[in-house]
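Undergrad: Encoded as structure tokens, here's the structure I'll be asking about.
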Amino acid sequence: MDIHEKIAGEITIADNPGETIRKWREEFQVSQLELARYLSISPSVISDYESGRRKSPGVLSIKKIVTALVDIDQKRGGQVIRRYSSGMPSDALIDISDYNHDISLERVIRMINGTNYCNVGLNRYIRGYTIVDGIKAILSFSYSEYSKLYGWSSQRIIFFTEVKMGRSPMIAIRVHPLKPAAVVYIQPDRIDELAIKLAEIENIPLIVTDLDAFSISRIMASLK
């Protein structure tokens with residue numbers, strides 16, 4: 001299902017369409033003012049829809065609102081669209097993207113101030129990246145959903161946030177037939193010896209960056 005259809009359908013059948021409009025507007029991180037400007041209407045119209053003070057918008061108005069949210073996201077890089085289009089649990093997937101050419105892994109590691117924690121060479125190339133919340137991924141991904149981490153190619157870096165010891169992500173990668181070109185932990189609490197051993201067995205560089213969680217947007221900007 002196209003994301004336009006998904007959002008529009010959810011708003012249309014909702015018991016409270018205004019609340020559903022607000023949910024999606026906040027999901028796309030678009031303010032009432034920004035949405036109103038894009039639609040060339042008063043911000044009070046958006047506010048009235050969301051609060052229920054104004055009658056639920058018709059099909060044409062819902063289409064315009066949905067199109068505006070998607071268009072705004074596309075102009076920002078399409079992060080929300082990619083998340084929902086991937087088919088994975090949206091709260092676990094932070095970002096996913098593919099390149100149309102090879103990128104040197106060593107170059108990426110320099111960009112994120114990364115350190116290789118295992119005895120595996122870095123002379124390889126990537127064709128994309130995926131950033132996931134490590135805890136939510138472990139709790140919510142099914143076996144089949146792990147395949148969707150790889151986008152169009154397994155020749156990619158998988159970034160994990162919220163890493164405690166690093167065991168769980170590497171165990172998940174170990175048991176899955178697809179393998180990434182590299183794994184990056186974003187400011188982990190610590191790196192367990194088992195995580196390092198698993199990375200070396202699978203011949204996957206295990207990289208650590210001390211950039212904190214607030215720097216994820218910086219990482220994504222660099223990767224783009």
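All of the numbers you see were taken from the coordinates with simple rules; none came from a lab. Note that this is a predicted model, so its numbers are computed, not measured. Cβ coordinates were reconstructed from backbone atoms using ideal geometry, including for glycine residues, and neighbour counts include every protein chain displayed.
Undergrad: For Leu178 and Asp48 in one chain, what is 0.36 nm times their gap in residues minus the Cα-Cα distance, to one decimal in nm? Walk me through the intermediate numbers first.
TA: Details: separation 130, 0.36 × 130 = 46.80 nm, distance 4.88 nm.
That works out to 41.9 nm of additional length.
Undergrad: Between the range 19-50 and the range 156-193, what's the alpha-carbon centroid distance in Å?
TA: 38
Undergrad: Take every DSSP beta bridge with both residues inside the chain and express the antiparallel ones as a percent of the total, to the nearest 5.
TA: Within the chain, antiparallel bridges account for around 45 percent of the total.
Undergrad: Which value in nm describes the separation of the simple spin-label points at Asn113 and Glu200, placed 7 Å from the Cα toward the beta carbon?
TA: For the pair Asn113/Glu200, the computed spacing is 2.8 nm.
Undergrad: Pick from Leu39, Leu211, Leu60: which is most flexible by mean-square fluctuation in a GNM of the chain where alpha carbon atoms under 10 Å apart are linked?
TA: Leu60
Undergrad: Stokes-Einstein at 37 °C, 0.692 mPa s, Kirkwood radius from Cα pairs: D for the range 3-82 in µm² s⁻¹?
TA: On the way: Rh = 12.4 Å.
After rounding, the answer is 265 µm²/s.
Undergrad: Moving on to the next point. Springs between alpha-carbon pairs under 10 angstrom, Gaussian network model over the chain: which of Ile96, Ile201, Ile126 fluctuates most?
TA: Ranking Ile96, Ile201, Ile126 by mean-square fluctuation puts Ile201 first.
Undergrad: How high is the relative contact order of the chain, given as a whole-number percent (alpha carbon pairs under 8 Å, six or more residues apart)? If you can, show how the numbers build up before the last one.
TA: Numbers: 355 pairs, mean separation 35.8, N = 224.
Here the relative contact order equals 16 percent.
Undergrad: If I compute Kirkwood radius over Cα pairs in Å from the structure I just sent, which labelled value in [x] 18.5; [y] 19.0; [z] 21.5 lines up?
TA: [y]
Undergrad: Something else now. Determine the sum of side-chain charges near Tyr49: Lys and Arg each +1, Asp and Glu each -1, restricted to other residues whose C-beta is under 13 angstrom from that of Tyr49. Can you show the working numbers first?
TA: Working: positive: Arg22, Lys23, Arg25, Arg53, Arg54, Lys55, Lys64; negative: Glu19, Asp48, Glu50.
After counting each charged neighbour, the total is +4.
Undergrad: Within the range 23-46, what residues put their amide N at less than 14 Å from the label point 7 Å along the Cα-to-Cβ vector of Ala14?
TA: Flagged as within label range: 23-30, 32, 46.
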